[in-house]
1. Report yes if some residue within the range 71-90 is open to solvent by less than 30 Å² (accessible area, probe 1.4 Å), assigned to a loop (DSSP other than H, G, I, E, B), touching a Lys or Arg at 6+ places or on another chain (Cβ under 9 Å) and at pLDDT below 85; otherwise report no.
2. Looking at the range 58-67 only, could you name the residues that are open to solvent by 40 Å² or more (accessible area, probe 1.4 Å), outside any loop (DSSP other than H, G, I, E, B) and not aromatic (F, W, Y)?
3. Which members of the range 112-128 meet the condition of being open to solvent by less than 40 Å² (accessible area, probe 1.4 Å) and either at pLDDT 80 or above or assigned to a strand (DSSP E or B) (or both)?
4. Return the total of residues in the range 96-111 being surrounded by fewer than 18 Cβ atoms within 10 Å (Cβ to Cβ) and modelled with pLDDT of 90 or more.
5. Scan the range 86-104 and report the pairs whose first residue is free of Cβ contacts under 8 Å to residues at least 40 places away in the same chain and whose second residue is in a loop (DSSP other than H, G, I, E, B) and exposed (fewer than 14 other Cβ atoms within 10 Å of the Cβ), with Cβ atoms within less than 7 Å and a gap of 6+ or a chain change.
Amino acid sequence: VLIHLFLCMFCSSSECKGEDRVIQRPEDVTAAEGDTVTLDCEFETTYSGSTLFWYKQEANSFPQYMLRCSAKNVDKAPELDQKRFHAAIKNKSVPLKIQKLQVSDSAVYYCQTPNCLLAQNSLHLPSLC
């Protein structure tokens, strides 16, 4: 099973307060089931405490909170697979690492600073069956 990841940044200056920006790369990633991928989210913010949120939106659903990263800790949603999903602030970046990819990981992933609307990252894991 091939896993296709599509990342694109929708948080522009018109959607953010002040000079806040969110940039998500790479835009397109293909991986296989069982692989490990990293979705990067770089940010610039005027918010005093560096905090960033990740959300996951499955097809025909609403975005669901995954985790919140701050300089001091990472708070994960209780239903999140704690062993497969990891994130931490590194300078002005908060990469989301997903290990042992599963077809169920196919979704749109959103990255957000407190002063921005959601910025979108899409992760597609198409089944070849």
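The values are calculated or read from the model by the stated rules, or taken from the named source; none is laboratory data. Everything numeric in this text was worked out from a predicted model, so none of it was measured. Cβ coordinates were reconstructed from backbone atoms using ideal geometry, including for glycine residues, and neighbour counts include every protein chain displayed. What goes into the accessible areas is simple: the full protein's heavy atoms, side chains included, and nothing from ligands, DNA or RNA. Shrake-Rupley method; radii C 1.70, N 1.55, O 1.52, S 1.80 Å.
1. No, every residue in the range 71-90 fails to be open to solvent by less than 30 Å² (accessible area, probe 1.4 Å), assigned to a loop (DSSP other than H, G, I, E, B), touching a Lys or Arg at 6+ places or on another chain (Cβ under 9 Å) and at pLDDT below 85.
2. Q64, the sole residue that qualifies.
3. Q112, C116, A119, N121, S122, L123
4. Within the range 96-111, the subset surrounded by fewer than 18 Cβ atoms within 10 Å (Cβ to Cβ) is 97, 99-100, 102-104.
Add one more test, that the residue is modelled with pLDDT of 90 or more, and what stays is 97, 99-100, 102.
Counting residues in the range 96-111 that are surrounded by fewer than 18 Cβ atoms within 10 Å (Cβ to Cβ) and modelled with pLDDT of 90 or more gives 4.
5. If the second residue must be in a loop (DSSP other than H, G, I, E, B) and exposed (fewer than 14 other Cβ atoms within 10 Å of the Cβ), the pairs left are I89/A71.
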